[in-house]
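Throughout, read-outs are computed from the coordinates displayed, never taken from laboratory work. What you are looking at is a predicted structure, and each value in this text was computed from that prediction instead of being measured. Quick reminder, even Gly has a Cβ in these numbers, built from the backbone with ideal geometry, and neighbours come from all protein chains shown.
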Amino acid sequence: MDQRDEQEFAEYFAARRDSVRRTAYMLCGDWHRADDLAQMAFVALHRKWRKIRDRSATDAYVRKTLVRASIDESRRPWRRERQTETMPEQVVEGEHLDDRVATRQDLLAGLRKVPPKQRAVLVLRYFEGLDVAAVAGTLGCSEGNVKSQTARGLANLRVVLEEVEAHG
């Protein structure tokens, strides 16, 4: 890449890195993995930067790369959860904590229990604010698939959140 392309990429990276990292966190629920996913997306973007003719589509390319990396990472055997004999101690917080914080934690924990493709659709639709057509374009699937994955994802999330509420 020439100096001008490097400068444009650096400006784009500086402007979008926090947003991409937050989206990655919503997809995986772990800040360390989110950093890895964001890095993968930006490395892939850097490789293709010269070939991108329509710079207005850059955000869509990064989102698509991020979602694909998240789904690919979730399939890796070393990423799977392992059962243990004992439960870790739960930190008991004071009762003065705001209910909103607990709700946010429950939502993030619930999202981690939703299958990766459904989680990706929910994050893109409700946290990134994309419409059905944009999500379909990002994921490379039909709008009907996005709608059905959204419905299934919301249903799964409701079940998980109801379980948390019943036990918590």
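Here the gap between LEU108 and ILE71, fully extended at 0.36 nm per residue and compared with their Cα-Cα distance, gives a gain of 11.6 nm. Roughly how many Å is it from the Cα centre of region 109-168 to that of region 39-75, as a whole number? A separation of 21 Å, based on Cα centres. The trypsin sites (Lys or Arg not before Pro) found in region 24-74 that occupy coil by DSSP, while having at most 10 further C-beta atoms within 10 Å, are ARG53. State whether region 100-139 is rounded, prolate or oblate according to the following rule on the C-alpha gyration tensor (a ≥ b ≥ c being the square roots of its eigenvalues): a/c under 1.5 gives rounded; otherwise a/b larger than b/c gives prolate, and the remaining case gives oblate. Oblate, since a/c reaches 1.5 and b/c is not below a/b.
Across region 30-79, the volume of the C-alpha convex hull divided among the residues equals 70 Å³ per residue. Take the Cα of LEU154, step 7 Å toward its Cβ, do the same at GLU8, and the gap between the two points is 3.9 nm.
The slack in the chain from CYS141 to GLU163, taken as 0.36 nm per residue of separation less the alpha-carbon distance, amounts to 4.8 nm.
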